[in-house]
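Read the figures in this text as sums done on the coordinates, not as results from a lab. This structure is a prediction, so every number in the text was calculated from the model and none was measured. Glycine gets a Cβ as well: all are built from the backbone with ideal geometry, and neighbour counts include every protein chain shown.
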Amino acid sequence: MALFSNSDLIRSIDAHIFTGDDDDTNGGGTDADVYLGIAGREFRLSFDNDHWLEPGDDDHFIFGIGGNTSDAKYNDPTDPQLSIGDVLDNIHNVYVRMNVRVSEYEDPWHVERVHVTVNGFQGPSVSFIALDGDSSQWLGYDYGLILYLKRTDHHINDGTN
């Protein structure tokens, strides 16, 4: 396991979000706004097209250097610059939060897995995970809106580890 320097600056945050598709009633996907909370900030999980967090999707969001999200300039951990220390600080949890608007009241989201890797400029990365196994979680107005991630000691490359 690589040693982390709390002063190492974040280069990018990679978030792999897997949406389930096994429920005929609800479908699994959502049109609600969804955010990744990390290092005391929130980053919106969205692309410039209208196709993300759909049933069966494996969406890969990149924040920071090489960013691929909509409004990447404003969803950037390098501006203002965050550090690995900001991520490892126990005051801030790492989570995914669904923001349900009134029009999306009946729009639950079936989260199958979430893998987040924070990459520093000095090389080491730190990873967080939720639902890595047989379980999954519905998020929505009636089910709860936040899913917390836990730190893992191994780097997740493609979401299948």
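Odds and ends about this structure:
- Cα centroid separation, region 121-146 to region 21-78 (Å): 13
- Annotation: extensible slack from residue 145 through residue 74 equals 23.2 nm (criterion: 0.36 nm per residue apart, minus Cα-Cα distance).
- Cβ-derived FRET efficiency at R0 25 Å, residue 81 paired with residue 54, nearest 0.05: 0.15
- Computed extension length for residue 62-residue 88: 7.4 nm, one decimal, from 0.36 nm per residue of separation with the Cα-Cα distance subtracted.
- When the trypsin sites (Lys or Arg not before Pro) in region 48-102 are filtered for DSSP coil states and for at most 12 other beta-carbon atoms within 10 Å of their beta-carbon, the remaining sites are 73, 101.
- Sequence-distant residues sharing a close amide H with residue 29 (under 5 Å, placed H): 110
- Dipole in debye (nearest 20) - region 10-152, about Cα centre, beta carbon charges: Lys, Arg +1; Asp, Glu -1: 920
- The modelled label-to-label distance between residue 135 and residue 99, using points 7 Å beyond Cα along the C-beta direction, is 2.8 nm.
- Prolate/oblate/rounded call for region 10-152, Cα gyration tensor, a/c under 1.5 rounded: prolate
- Charge-dipole axis of region 10-152 as Lys and Arg at +1 and Asp and Glu at -1 on Cβ define it, positive-most pick from 83, 39, 140: 83
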